[in-house]
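S.K.: Please find one structure pasted underneath; my questions will follow.
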Amino acid sequence: MTEATIIDGKAFAAKLRERVGAEVRRITDAHGLKPNLTVILVGEDAASQVYVRNKGIQTEEAGMESVTHRLDASTDEATLLGMIEDLNADPKCNGILVQLPLPDHIDESKVLATIDPEKDVDGFHVINVGRLWTGQNALVPCTPYGCLMMLKDHFGSLSGKRALVLGRSNIVGKPMAALLLNESCTVTVAHSRTADLEERCREADILVAAVGRPEMVKGDWVKPGAVVIDVGINRVPAPEKGPDKTKLVGDVDFGEASAVAGAITPVPGGVGPMTIACLLRNTLVAACRQNGIDAPDL
Ligand code: NDP
């Protein structure tokens, strides 16, 4: 039985963070510019607290300035929008990230639309979405960008590959499809209404799973030799580790798929670590563009 190459996202992300750090030192020395990423967290969502803390630590490790505004869950929409407008006008702030999800009383789309597209390091503003789909210089959502980097590293050119993206969310599936299309893949986007899903998956040279369904993609959905990128992060019970224990699994049945695929990302340690590394990359790129400095090709 062939075992797939494991694509080590943790190591890949560490290298990307090193490259970002080196570029940050270079532009700080040459231009006196220390890129600043400002994160706004509204409320006490436990997972968001962890993400925001990690973002802050990694931002500083890369030599950039990290600012976090923690707002009470009862903060009203106008206050949040006002804070974003102040950051838009502040030349010291290069990247603005509003941690999602937001409390129900705040309109997420209004918040995302208020962020200056040039500081939109999450790449969720419609201007950046439009730029991405029209092949212009967008700030691209971090998770799919990380997937693309690993795919390009594996294949070199992606031109002519058949890609299937399982999931059509605005933060993963759709931007992933746009990125693959921009690389001249032939792209299928599958979702909950897709007919013959397993067959469509089996046709793909590149299979990106972003569904949020634990281990849904089975080994016999994978074309032999295909590259499988598993975006899913699902916490499931792990009775084998003891009572009440849990573990993280992806959207792909790793045991089955790794026996068929040519290469595969594990969960954890695959796509996950790339997301913050790409956020740092986006912050550096945004800071360079705002200051008329050639952005490094990372
Ligand atoms: P969403 O819930 O927003 O989207 C899920 C998509 O999967 C939808 O398009 C949905 O289709 C589709 N889908 C759901 N069930 C099925 C099914 N049975 N068959 C076919 N398609 C289905 O999720 P996200 O895109 O936000 O996230 C996807 C996964 O990626 C999650 O596990 C999430 O935790 C993980 N994630 C990981 C990140 C990382 O850093 N590694 C970052 C972001 C997300 P439809 O549109 O028809 O409803």
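S.K.: In degrees between 0 and 90, to the nearest 10, how far off the longest principal axis of the chain does helix 46-61 point, with axes built from Cα atoms?
M.R.: Once rounded, one gets 70 degrees.
S.K.: If you don't mind, there's one more thing I want to ask. For Ala78 and His154 in the same chain, what is the full-extension length gain: residue separation times 0.36 nm, less their Cα-Cα distance, in nm? Write down the numbers at each step before the final one.
M.R.: Details: separation 76, 0.36 × 76 = 27.36 nm, distance 4.57 nm.
Here the segment from Ala78 to His154 would lengthen by 22.8 nm.
S.K.: OK, next. Just the projected area, averaged over all directions, of the convex hull on the alpha carbon atoms of the stretch 180-288: how many nm²?
M.R.: Working: hull surface 35.7 nm².
Hull-based average projected area comes out at 8.9 nm².
S.K.: Now a separate question. Give me the distance between the Cα centres of the stretch 175-208 and the stretch 215-289, rounded to whole Å.
M.R.: Using only Cα atoms to place each centre, the spacing works out to 17 Å.
S.K.: In terms of the Cα gyration tensor, with a ≥ b ≥ c the square roots of its eigenvalues, is the stretch 86-144 rounded because a/c is under 1.5, prolate because a/b exceeds b/c, or oblate?
M.R.: Details: a/c = 1.89, a/b = 1.22, b/c = 1.55.
The shape class here is oblate.
S.K.: For q values of 0.07, 0.15 Å⁻¹, compute log₁₀ I(q)/I(0) with the Debye formula on a Cα-only model of the chain, without solvent.
M.R.: -0.27, -1.21
S.K.: Could you put Met274, Met150 in order, starting from the residue whose Cβ has the fewest other Cβ atoms within 10 Å?
M.R.: Met150, Met274
S.K.: Going by C-beta contacts inside 10 Å, put Thr68, Thr143 in order with the fewest on the left. Walk me through the intermediate numbers first.
M.R.: Details: Thr68 16, Thr143 24.
Listing Thr68, Thr143 from fewest to most nearby Cβ atoms yields Thr68, Thr143.
S.K.: Using the eigenvalues of the Cα gyration tensor, what equivalent ellipsoid semi-axes result for the stretch 1-150 when each is taken as the square root of five times the eigenvalue, whole Å, largest first? Spell out each step's value before the answer.
M.R.: Working: eigenvalues 143, 82, 60 Å².
After diagonalising the Cα gyration tensor, the semi-axes are 27, 20, 17 Å.
S.K.: Modelling each spin label as a point 7 Å along the Cα-to-Cβ direction, I'd like the His191/Asp220 distance in nm, to one decimal.
M.R.: 2.9 nm
S.K.: Taking the Cα centre of the chain as origin, sum charge times position over the Cβ atoms of Lys and Arg (+1) and Asp and Glu (-1), and report the length of that vector in debye to the nearest 20. Write down the numbers at each step before the final one.
M.R.: Values: 31 positive and 40 negative charges, 126 e Å.
Here the chain has a charge dipole of around 600 debye.
S.K.: Counting each DSSP H run of 4 or more residues in the chain as -39500 (n - 2.57), what helix-only mean residue ellipticity at 222 nm follows after dividing by all residues, to the nearest 500 deg cm²/dmol?
M.R.: Working: 10 runs with 120 residues, N = 298.
That comes out to -12500 deg cm²/dmol.
S.K.: Which whole-percent values make up P(r) of the stretch 119-208 when all C-alpha to C-alpha distances are grouped in 10 Å steps starting at zero?
M.R.: Histogramming the stretch 119-208 at 10 Å steps yields 18, 50, 28, 4, 0 percent.
S.K.: Further question on the same structure: Can you list the lysines whose alpha carbon is less than 17 Å from that of Lys10, not counting same-chain residues fewer than 8 positions off?
M.R.: Lys55, Lys152
S.K.: Quick check on packing: order 165-175, 229-239 by the mean number of other C-beta atoms within 10 Å, highest mean leading. Mind showing how you got there, number by number?
M.R.: On the way: 165-175: 22.2, 229-239: 18.5.
The packing order, highest mean first, is 165-175, 229-239.
Read the figures in this text as sums done on the coordinates, not as results from a lab. In this text the structure is predicted, and so the values were computed from the model without any measurement. In this analysis, Cβ positions are derived from the backbone assuming ideal geometry, glycine residues included, and neighbour counts consider all displayed protein chains.
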